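First comes the structure, then the notes that go with it.
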Amino acid sequence: MVMTAKLTNKVAIVTGAASGMGKAIAEAYAREGARLVLADINAESLAQVVDEITQGGGTATSIVTNMAQEADVEAMIKQATTTYGQLDILVNNAGIMDNFKAVGNVTDELWQRVLAINLTGPFMASRAAIRVMEDQETGGVIINNASVGGLFGARGGAAYAASKHGLVGLTKNIAATYGTFGNIRANAIAPGGVATNIGNSITDPDPLGGQAIAATGSQTAPMGQPEQIANVAVFLASDDSSFVNGDVIKADGGWTAR
Ligand SMILES: NC(=O)c1ccc[n+]([C@@H]2O[C@H](COP(=O)([O-])OP(=O)(O)OC[C@H]3O[C@@H](n4cnc5c(N)ncnc54)[C@H](O)[C@@H]3O)[C@@H](O)[C@H]2O)c1
């Protein structure tokens, strides 16, 4: 039996590709034949991922990008068209956590940083990507890595929950407009706990926020691997999901089913 790669002839941008789920998504997309633009703020780790992929026979270029900076985001989208002449898939994956801060303990600085990276960055990237995809006969696909924190109240702090709920709303609006009246699908993934480097950023957990999360059974929640999320991202990028638009796929091992 001949197995065909699912993303042959596709060009994909993956943000936050230097670590965790972004890295796993980049590797999976490369295996499926996509040509990649990989973006991250961490230049050193990003270069390692690109080396790994190209040494394995994949096609990838990188651009150091701060998702909170519009000029960076615009340059990232442009790199796909200047390098490969097209952009078919945008994966807005880069994101940060917020130490589970309950709203009374959220500083303006924390609020603005989390919203800028987790929501405004994906908005700016989607806007720029759509302008390219609209002019392509084949349209395109946008995948936003949200979180179960984008569907439920106590899977992160206030800023994280607001940013990820916002990202789910952005996804549905893109789907309802550019999917319904165009050829651009948009879907989100809502992972539960996944073993990545993001946990290292929890250096000053908020007692009240932590208590609220613990009350959801987080201590005994299943822990996923980045590759399990990458499999969902391959599905959403490929024609296997051609009738899936505006959805949020939970991949949480059943944590929120309890
Ligand atoms: N790990 C989990 O349990 C979990 C659960 C649900 C959702 N998520 C979401 O998954 C996404 C990926 O997270 P991960 O768990 O793989 O974390 P990770 O920390 O392993 O990887 C995140 C990557 O994003 C990059 N990044 C951070 N700020 C950036 C910026 N301003 N511009 C560009 N890149 C930036 C980091 O350098 C890092 O390489 C995030 O959006 C996160 O909110 C994670």
| field | Gain on full stretching of the segment that runs from Ala75 to Thr180 - 0.36 nm per residue minus C-alpha separation | value | 35.0 nm
| Volume per residue of the C-alpha convex hull in region 11-251, rounded to whole Å³ | 111
| message | Considering the Cα positions of region 203-258, please state its Rg to one decimal place and its Dmax as a whole number of Å. | response | 15.3, 45
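Report the longest stretch of the chain that contains none of the GluC sites (Glu not before Pro) sitting in a DSSP loop with at most 13 other Cβ atoms within 10 Å.
Longest run free of exposed loop sites: 1-133.
Where the eigenvalues come from the Cα gyration tensor of region 79-167, what are the semi-axes √(5λ) of the equivalent ellipsoid, largest first, in whole Å?
Over the Cα atoms of region 79-167, the semi-axes work out to 31, 12, 9 Å.
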| query | Taking the Cβ-Cβ separation of Ser201 and Met1 as r and a Förster radius of 41 Å, what is the calculated FRET efficiency to the nearest 0.05? | reply | 0.40
| message | Tell me the relative contact order for the chain as a rounded percent, counting alpha carbon contacts under 8 Å between residues six or more apart. | response | 20
| task | Would you kindly give the portion of the calculated P(r) for region 1-128 that falls above 19 Å, as a percent of all Cα pairs? | result | 48
| task | Of the options Ile96, Val50, Ala34, report the single residue whose Cα projects farthest towards the positive end of the charge dipole of region 1-132 (beta-carbon charges: Lys, Arg +1; Asp, Glu -1). | result | Ala34
| Per the Debye formula with a single identical scatterer at each Cα and no solvent contribution, what log10 I(q)/I(0) holds for region 1-55 at q = 0.13, 0.17 Å⁻¹? | -0.30, -0.48
| said: Need the C-alpha centroid separation for region 50-67 versus region 1-47, integer Å. | reply: 8
| Which residues make up the longest stretch of the chain that has no chymotrypsin sites (Phe, Trp or Tyr not before Pro) in a DSSP loop with at most 13 other Cβ atoms within 10 Å? | 1-180
| query | With θ set to phi - 60° and the Karplus curve 6.51 cos²θ - 1.76 cosθ + 1.60, what are the ³J(HN,Hα) couplings of region 189-196 in order, to the nearest whole Hz, using x for Gly and Pro? | reply | 10, 10, x, x, x, 10, 6, 9
| request: Quick one: which residues, 5+ away or cross-chain, put their amide H under 5 Å from the amide H of Gly157? H built at 1.01 Å from N. | output: Asp98, Phe100, Lys101
| request: Can you spot the lysines whose alpha carbon is less than 24 Å from Lys101's alpha carbon? Ignore those fewer than 8 places along the same chain. | output: Lys164, Lys250
| note | One finds, for Arg127 and Ala214 with R0 = 35 angstrom and r their Cβ-Cβ distance, a FRET efficiency to the nearest 0.05 of 0.40
| said: Given N residues in region 161-226, what is its alpha carbon radius of gyration divided by 2.2 N^0.38 Å? | reply: 1.49
| message | Run the helix sum for the chain: -39,500 (n - 2.57) per DSSP H stretch of 4+ residues, divided by residue count, reported at 222 nm to the nearest 500 deg cm²/dmol. | response | -12000 deg cm²/dmol
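Read-outs: derived from the displayed coordinates by stated rules, not from any lab. Predicted, not measured: the structure shown is a model, and the values here were computed from it. Here the Cβ is made from the backbone with ideal geometry for all residues, glycine too, and neighbour counts use every protein chain on show.
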